[in-house]
Each structure stands twice: as C-alpha cells, then as structure tokens.
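Structure first, then comments.
The values are calculated or read from the model by the stated rules, or taken from the named source; none is laboratory data. What you see is a predicted model, and the numbers here were worked out from it, not measured in a lab. Neighbour counts are summed over all protein chains in view; Cβ atoms, including those assigned to glycine, are modelled from backbone coordinates with ideal geometry. What goes into the accessible areas is simple: the full protein's heavy atoms, side chains included, and nothing from ligands, DNA or RNA. Shrake-Rupley method; radii C 1.70, N 1.55, O 1.52, S 1.80 Å.
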Amino acid sequence: MIAEPAAWSAPSGWQVLRSRWPSLSNSAALIGAADALVVLIAASLPWSTTAPSIFGGLWLLAVTPTIDWRGYARELMRPAFALPFALLLLALLGTLWSDGDWANRLHAIKPVAKLVLIPPLLHHFSRSERGIWVCFAFLASCALLAVFSWIVLLNPAWKIAATASAGVPVKNYIDQSQEFTLCALALALPALTFWRSGRAIAAVACLALILLFATSMVFVASSRTALLCIPILLALFAWKHLGRRATLVLLAGTVAASALAWTASPYLRQRITDIAVEYRHGHEDISRASTAQRLTYWRKSLHAFGEAPLIGHGTGSIKRQFERAATGGSSLDAEIVSNPHNQTLNVAVQWGLFGVILLYAMWIAQLRLFTGEGLAAWIGLVVIVQNIASSLLNSHLFDFHEGWMYALGVGVAGGMALRAKAGTQS
C-alpha cells in the first residue's frame, strides 16, 4: 500500500483553528480587551466622532473569536437580535429599486449598519460582568463635558471645536442635550434606591450630578427635542418606580423647578418662545426656520410616502424626492435635503409601510428586553423611550451620535438585563 503524502497527514490550518476556537471563546485576555474597547467607545462618544468608529472596529475584531456561535445562532431567533439584521437587509435590497444616485444609496446604508452592533453587544454583555463599567465611563465623560460646557460659556477660547453654539465645546447642542438628558434620567433610579436604603451620601451625589446636567441644559445649551423628552421620561419613571403620593411630589417638584428655570434663565425662555417666531417667519427668513422647516419636510415626505406606500422609493431616495418637490426661489419649498427630521418618515419614504413595520417591531422587541427590575432594565428603557420620543422631531436612530447612543445603550444594558435574568432563573 502506498503511504499517503505527508501533507495530508498533518492537520490543516482550518482544523488547527477549529481546535483552538473553544479556547479563544473563553480567553480572558480577549474578553477583557473587548470590554475595554466598549468602555473606550462610551468614554469617547461625547467628545469625538472618529474615535468611537475606530474603537468599534477594533471591538469587532476582538469580540469575534470570543463568540459562542451556537448560542449566538439560537439568540438570533429572538426578534430583538434578528430585527436589526432585517432592517439592514431591507436597506441593502432597497438599493435595487431606489431612484437616488448610487452615492446616496450607499451612504444611506451606513446609518442602518450601526444597528447590527446591537446583537453582538447583547451576546457579549450577557456573559461579561463589566457592563456597568461602560455605564460609568459614559456618565463620567458626560459629567466632564457638562463642567467644560460652563467653562467654554464663560471663555469661548477654550472650545475644542468651532461649534455654532456658546457653551458647546464639541459637536453640537442637540447631541450634548441628548447625552445630558440620558444621564440625568438614568441617575434617577440610583438616587431613589440609595435614598430608600438610607445611603444619603450616595443619593446626594446622584442628585448633584442630575443638577449638573439639568443646570447646563437650562442655562448653557439645550435642544427643544431634549426638553420634549424630559417630561416623557419623568412620567415613565413615576409609572415604573413611584407610588401615587411620590408621583404627586415629583409632579409638584417638576412644576416648581420648571417655573424657577423659566424665571431665572433668559436663554431657556428664548429657546421656547422662538418656536412661534420660527413658525410665523420661517418662510420669509430661512435662517430662523427650524419649526417651519420641519413642517415643510414632513409635508413633502408624506406626499412622497403616498406615492409609494408599500416599499417606498428605495434606499437613499429622500434627496431625490425633495429635488422633485422643490420649487423655484429661495424659500423653504426650494430646499433639498436628505433628512426629513422624523424617523418614521425617514423610513417610510425609503422603504414604505414594510420598513415602518420593521422599525416599530424592532423598538417593541427591544423594549421587551427591559420589562424587569433593576438598573440595567431602567437604563435600557430610558435609552429606547428617549430615542422614540426624540425621533418624532429628528431621525435620531440614523444620526451618527444618537444612533451610537442607541446601539451602545441597548446592547450593553440589554446584555446586563439578560445576564441578570439568567442569574435569577439558575
């Protein structure tokens, strides 16, 4: 009998990799590196757009060998895991019937692609014990930004970037307000828990941080979208964690604090009263047209949706629809944009009713991850409800900063909630 060649007797590179894969999936070094990279994403997000993307790519490289693929495949049968991939698949298929140019089609895929980070984050942090580190990193980074916002308000020379608003060191006032709203409302539950357990110092520390974020929004810079989200999130907090008497106390305190803020802050009064000014004069003065712009964008988007209600006009088609609807002159009707400033309309124009159903199904499925009790469940609820509420006035799920906040918040807090649920069942 002729002996087989020696090359065939040695294990192939693929066999070696398969034999070593179980050890990689339990590698403490790789798991620790993956945890550290998510911490870096959270810490850098309030300050940078480039760093979170770089750390996100490195995280995928680090976490991929640690994934339990059999368990992950079973998890992908759950809607909260599967629906982000379904939305991405729809976006990819939507390029086939889009009437936008290919540059716009490909660009429109990127915002949806961020959402597929949620399933691996859920899987990773359902096994990792360091999810709370990510929460602390984001909170500490936002607290530092809040302090710095006061500094640059008093001395604009300290600004890191040439932002359009006073008191905004980097990025813009909308992103900053969304961060501060999330942190302030997420801290409400720890403050209440510490107070009820008699840990007064810890409760006061939480309240001090809440006050830091709130005063920055009242006196330094705030978005009206964030101001809309705050009462919604306060109502959610009262419903989830307070009794009737405590809810009345919270309501009275909120009314008193709002009256004080209105009286003490000329900036806040101007932000609110400008809504009526922008509505009345937006069509004549496009530089002060925020309210009128949104109404115009929504009207045009509804018309575009009515033309293709089932599957929409395709991925990246929004700009083309506004080009078709534009009229001559320099008024709002002549504006051509690729963002209707409403998440539902953003999806509806591109992918029709089918896309809207997928969007709301994903929100609902991921909300169901946070039906339990505890800090992780509360953080996840705040992240999703804030995103849904703010997406009434913006396309925040597809915006870079708010999209990252959503993916990171749902992925990390959802993993923590799944881990806590598994612990109670074992």
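Worth a mention:
- The set of residues in region 184-202 that are crowded, with 18+ Cβ neighbours inside 10 Å and either out of contact with any helix residue (DSSP H, G or I) (no Cβ under 7 Å at 6 or more places or on another chain) or in a loop (DSSP other than H, G, I, E, B) (or both) contains only Leu187.
- Every listed requirement among (1) open to solvent by less than 20 Å² (accessible area, probe 1.4 Å); (2) touching a Ser or Thr at 6+ places or on another chain (Cβ under 9 Å); (3) touching a residue at least 24 places away in the same chain (Cβ under 8 Å); (4) hydrophobic (A, V, I, L, M, F, W, C) is met by Leu228 save one, (1).
- From the options Glu323, Glu335, residue that is open to solvent by 60 Å² or more (accessible area, probe 1.4 Å), out of contact with any Pro (no Cβ under 6 Å at 6 or more places or on another chain) and among the acidic types (Asp, Glu): Glu323
- Test: residue in region 115-133 that is farther than 26 Å from Leu375 by Cα, open to solvent by 20 Å² or more (accessible area, probe 1.4 Å), assigned to a helix (DSSP H, G or I) and at pLDDT 95 or above: no
- Yes/no for Ile311 being open to solvent by 60 Å² or more (accessible area, probe 1.4 Å) and at pLDDT 80 or above: yes
- Filter pass, Leu212 being closer than 20 Å to Leu236 by Cβ and either open to solvent by 30 Å² or more (accessible area, probe 1.4 Å) or assigned to a helix (DSSP H, G or I) (or both): no
- Selection within region 50-78: residues that are modelled with pLDDT of 90 or more and assigned to a loop (DSSP other than H, G, I, E, B). The member of this set that is least open to solvent (accessible area, probe 1.4 Å) is Leu76.
- Pair list, Cβ < 7 Å and 6+ apart or interchain, from region 239-256 residues that are over 18 Å from Pro190 (Cα atoms) to residues that are modelled with pLDDT of 90 or more and open to solvent by less than 50 Å² (accessible area, probe 1.4 Å): Thr254/Leu234
- Residue ranges of helices (runs of 4 or more DSSP H) in region 341-426 with at least 2 members open to solvent by less than 40 Å² (accessible area, probe 1.4 Å) and farther than 21 Å from Ile230 by Cβ: 343-367, 400-425
- Residue check: Ser301 meets all listed conditions (1) open to solvent by less than 50 Å² (accessible area, probe 1.4 Å); (2) among the hydroxyl-bearing types (Ser, Thr, Tyr); (3) out of contact with any helix residue (DSSP H, G or I) (no Cβ under 6 Å at 6 or more places or on another chain) but one, namely (3).
- Region 141-170, residues that are open to solvent by 30 Å² or more (accessible area, probe 1.4 Å) and either of a type in the set (A, V, I, L, M) or in contact with a strand residue (DSSP E or B) (Cβ under 8 Å, 6 or more places away or on another chain) (or both): Leu144, Val147, Ile151, Leu153, Leu154, Ala157, Ile160, Ala161, Ala162, Ala164, Ala166
- Breaking point among (1) assigned to a helix (DSSP H, G or I); (2) out of contact with any Phe, Trp or Tyr (no Cβ under 8 Å at 6 or more places or on another chain); (3) in contact (Cβ under 8 Å) with a residue 12 or more places away in the chain; (4) open to solvent by 40 Å² or more (accessible area, probe 1.4 Å), for Leu40: (2)
- Within region 295-320, being of a type in the set (Ser, Thr, Tyr) and in contact with a Leu (Cβ under 7 Å, 6 or more places away or on another chain) holds for Thr296, Ser301.
- Region 304-336, subset assigned to a helix (DSSP H, G or I) and within 28 Å of the chain's Cα centre (by Cα), residue nearest to Phe398 (Cα to Cα): Ile318
- Candidates Pro46, Pro65: the one that is under 23 Å from the mean Cα position of the chain (by Cα) and touching a residue at least 12 places away in the same chain (Cβ under 8 Å) is Pro46.
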